[in-house]
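Input: a single structure, listed below in C-alpha cells.
The values are calculated or read from the model by the stated rules, or taken from the named source; none is laboratory data. Quick caveat, the model's predicted, so the values are computed rather than measured. Positions of Cβ are backbone-derived with ideal geometry, glycine not excepted, and every protein chain shown enters the neighbour counts. Keep in mind that these areas ignore ligands, DNA and RNA; they rest on the heavy atoms of the full protein, side chains included. Shrake-Rupley method; radii C 1.70, N 1.55, O 1.52, S 1.80 Å.
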Amino acid sequence: MNDVLMKPKEHVWKTVLLLLAAIVASFAAVVFTAYDPEFLVMDFDAATLRRFVRLPGEIGAVHTLAFAGVFLLFRRNLKGKTDLRALILSCCFSLFLSVGLSYRLFTDATFFFASKKQFLFALFLTGGNALVLYTLLKELFRAADGMRSAAPDGTGTTGERKTFFLVAGLLLLCWLPFELGFFPGSVPYDGRKQLLIYDGVVELTNDHPYFATYFFGALYRLGERVFGDNAVFAIVLCQNLAAAAVFSGVCVFLRKLCGSKTVFVCSVLFYALVPVFWAYAQSVIKDTLFFVCFTWLLLEAARILFSKEPVGKGTYFRLETAAVLTAVFRNNGFPIALLLLLALILGAPKLRRRAVLLSGACIVVVSVFATAAVPAYLRIPEANPFESLSIPIQQVARCVTVHGEEMTAEEKEAVEALMPAELFRNYKPGISDPVKGELKSRVASPDGAFRTLWLRCLQRYPATCADAFMNHVYGWIDPFYVTGDQGQYQFHIREAFERTNPAFKDSGYVYSAYVFPETLRLLSKNVAELANRVPFVQLLCMPGIWFWAALTALAGALAARDKKGVLFLVPVLVYHIGCFFSPVNGCLRYVLPLIAAAPLTVGCVLLRHADGGTVPEAGEEYRGSLLGTPLRTLGFVLALGLFVFAAGRGRAVTPHTESPAPAAQTETR
C-alpha cells in the first residue's frame, strides 16, 4: 500500500475506495455496537434521517478512533491475495452478530424484516462489520501461520516436572483470595439438591448423574470428619487441586508442542486470571469436575495425536480414566468421549492405533457399565423425558402466548389437556424451566398428544416457532450475549435458597455459612464484575465467542489440510451444537468445558509448530497389550463398584419426596 501513497495519480481510485470502505466499515461498527434500537430499526422519515446524518458528529471521537483503526487495518489487509478462510468466516460471523443483536433487542427478526428499506440497511451494517472482521481474521491467520513456521525457542523440553508443579502452584495462589472470600464454598441449587439426594431428603434419580451425586456426598461425609461444619470445603479443595493439575498439564504440553514461550505464558495467564475458573472452582456443582475431566480427556488425546515423543502406557491409562470420568459426570459425557475416541482411531499414527483401539474397548465397556448397567441394577429412575425437549416446549409455549386467541377449538383443547394455557404463558424466551417445570409435574412423558400439538404449531405458525428456536439458541452464536436468567457465576449459599424455598428449612440438612467477613466476599465479586468490563477479558467470559474460536480453528485446519486438527475439533464442535438443546440460552456453565479446553484446541490446531507433527519412533514404548486392557477394564469395574458400594453405604436410606422448587429457581441438566 506504500506505493499507493507515493503514486496518487496512478492509484487515486484505489485510495478513494479504501477511504470509502474504511468510512462505511467504521460507521457500521460504531452504529452496530451502540445497541440503540432507534438507530438499528429506522422509520426512514425525515427526522430520523437527519439524526442519522448527525450521528457521526454526536459520536465524533469514537467514530474518529474507529475510522483510524479500521483504515490502518485495511491498508495492510485489503491488498494482495484474498484469504478465503477469513472471507467466509467474516461473512458468517457478521451474520451471527446481526442475528444475535436482533433477537437480543427485539426477540424476533425485526432488525432484518421490519421493512424493505430496513432490510437494505441491515445488509449495509452487516457488510460493514464483515469488512472489519475480514481484516481482523486475516491478521490473525497471518500471525498464526508465522508462529507455526517460526523456529522454536529451544526450551520446551527441559524441566517439565518442575514447571508442572510451579504452574499448578501459581494457579492455586492466584485463585486463593477468591477461595478465601467464599470459604468454605458456594452451594448453588443443583449442588444443594445433590447433597440432599445423598442425605435421603430428596429422591434419588439420574437427573443429576448418580455418580456425581455419590461423589459429592462421599466427599461431604469426609469433610464432616476433617472440617466439621465447613464440610463442603472438601469438595471445593478436590475441585481446586484437580483443575490446577489439569490446567498445568495443558500449559506444559503446549509449551513443548508449539515451541513458544508466548503460547505458554498466555495459557498460564488465561487460567490464572479469567474469573470463570476460580468462580466455579469454589462452587459445589458438577459442571466444575466435568470441565476438568473434559479438558483432561482432550489433553491425553492431543498427546496421542500430535506428540513426536514415544507415548507410554501411562498416557493410555490416563486417557481411559479421563474418558470414563467424562462419561459419568455428565449425562451427555459418554457420546463426547466416544466421538473423541473415533477421532483418535481415524487420526492416530499406525504405531499407536492398536493401543487406541484396545483403550477404546476398555472405555466403552466401563462407560456402558457405569452409565447403563449400574443405574438399572440400583433401580435409579431416569430423568423425565421432557428434559431433552426444551426447544419443542418453548415453541409450543410461544405459540400459545402469541396466537392463543386465534387457535382453533381443537388446538385449545389439546393445550388444556396438557396443562392450563395460563401456565404456558409463563414462557420466557431464553429459559425453558418455567414452562417445562410445570409440564413435568403434570405429564409423565411426551406422549402422542404433545407431539401432535407441537407438529400442529410447526405447521400453522412456522415464523413463531422459528422465533422461539432462535430466542433459545442465539446466545451460543452471539459473542456479545451475556448470560442473564441464571447469572454468570454461582455465588450462592444456604440462606438464598431458604428465602426462595422454605420447604428446605425443615429438611434437617445443615449447611455452614461463609466464614470470612463479607467485605472480602464483596471484593471478590467486584473483581469478577470488573474483569467482565475489561473489553478482552469480557469476551472470554461470553459463551458465544467460543463457537467463533472453534470455527476459526476449524477453518485454519481445513486450509492447512490438517486431518488430525479437524478430527480433534469434531467433539468440541459437536458439544457446542449440543448446547443449543440445553434448557437455558447461552448459559455460561454449559460452555465451561469449551472455555477450559480453548488453549488446547487453538494451540494444537492453529499454533502447533510446523515441525511438531506426530512422528512416532520405531521404538514406541507401548503398542497395547491383549492382556493389559481386559485387566484394566476389570480393575475399572471393580473400583467403580467399590466406590458406589462405599458411597451408597454412607447415604441415608429413607428417601423423601422433594417439595417442588419455584420455577424461577429450577435448574436442569
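For region 250-314, just run the numbers: alpha carbon Rg, then divide by 2.2 N^0.38 Å, N being how many residues it has. Walk me through the intermediate numbers first.
On the way: Rg = 13.8 Å, N = 65, 2.2 N^0.38 = 10.7 Å.
It is 1.29.
For region 292-396, applying the loop criterion from DSSP together with a ceiling of 12 other beta carbons within 10 Å to the GluC sites (Glu not before Pro) yields GLU382. Cα centroid separation, region 558-600 to region 374-437: 28 Å.
Over all Cα atoms in region 356-416, the spread is summed up by Rg and Dmax: 21.0, 60 Å. Share of carbon and sulfur in the accessible area of region 70-197 stands at 71%, probe radius 1.4 Å. Which of the pairs LYS116/LYS436; LYS261/LYS563; LYS261/LYS350 have their Cα atoms more than 29 Å apart in this structure? Going by Cα-Cα distance, LYS116/LYS436; LYS261/LYS350 fall outside the 29 Å limit. Place a label point 7 angstrom from the Cα of ALA383 along the Cα-to-Cβ direction, then list the residues of region 412-432 whose backbone nitrogen is under 19 Å away. Once the point is set 7 Å along Cα→Cβ of ALA383, 430-432 turn out to lie under 19 Å by backbone N, inside region 412-432.
Roughly to the nearest percent, how much of the accessible area of region 353-423 is carbon and sulfur, given a 1.4 Å probe?
Working: 2010 of 3310 Å².
About 61 percent, which is the carbon plus sulfur part of the accessible surface.
Take the Cα of ARG460, step 7 Å toward its Cβ, do the same at LYS81, and the gap between the two points is 5.8 nm. Note on region 102-209: Cα-only Rg and Dmax are 26.1, 64 Å.
Given a 1.4 Å probe, how much area per residue of region 366-467 is accessible, in Å²? Show your work: numbers first, answer last.
Values: 4880 Å² over 102 residues.
Averaged over the residues of region 366-467, the accessible area is 48 Å².
Per residue, the accessible area of region 85-174 comes to 50 Å², computed with a 1.4 Å probe over protein heavy atoms only. Run a plain Debye calculation on region 161-314 (Cα atoms as equal point scatterers, no solvent) and give log10 I(q)/I(0) at q = 0.12, 0.19 Å⁻¹, rounded to two decimals, same order as the q list. Each listed q corresponds, in turn, to -0.58, -1.13. Note on region 102-154: percent of Cα-Cα distances in each 5 Å bin, starting at 0 and stopping at the bin with the largest distance, equals 4, 16, 14, 15, 11, 10, 8, 7, 6, 5, 3, 1, 0.
Given N residues in region 311-383, what is its alpha carbon radius of gyration divided by 2.2 N^0.38 Å? Walk me through the numbers before you get to the answer.
Numbers: Rg = 13.3 Å, N = 73, 2.2 N^0.38 = 11.2 Å.
In units of the globular-protein estimate, region 311-383 measures up at 1.19.
Simple spin-label estimate for LYS412 and LEU342 gives 4.8 nm between the two label positions (7 Å along the Cα-to-Cβ direction from each Cα).
Of the heavy-atom accessible surface of region 216-336 (probe 1.4 angstrom), what whole percent is carbon and sulfur? Let's see the in-between values first.
On the way: 2180 of 3300 Å².
With neighbouring chains kept in place, the figure for region 216-336 is 66 percent.
Calculated FRET efficiency, ALA559 to SER445, Cβ-Cβ distance, R0 = 51 Å: about 0.60 to the nearest 0.05.
Just in region 510-575: which trypsin sites (Lys or Arg not before Pro) are loop by DSSP and have at most 14 other Cβ atoms within 10 Å?
Hits after loop and neighbour filter: ARG533, ARG561.
Using every pair of distinct Cα positions in region 267-389, the Kirkwood expression returns a hydrodynamic radius of 16.0 angstrom. Taking trypsin sites (Lys or Arg not before Pro) across region 368-418, the ones in a DSSP loop with at most 16 further Cβ atoms lying within 10 angstrom of their Cβ are ARG379. The label-point distance for LEU222 and ALA376, in a model that sets each label 7 Å from Cα toward Cβ, rounds to 3.1 nm.
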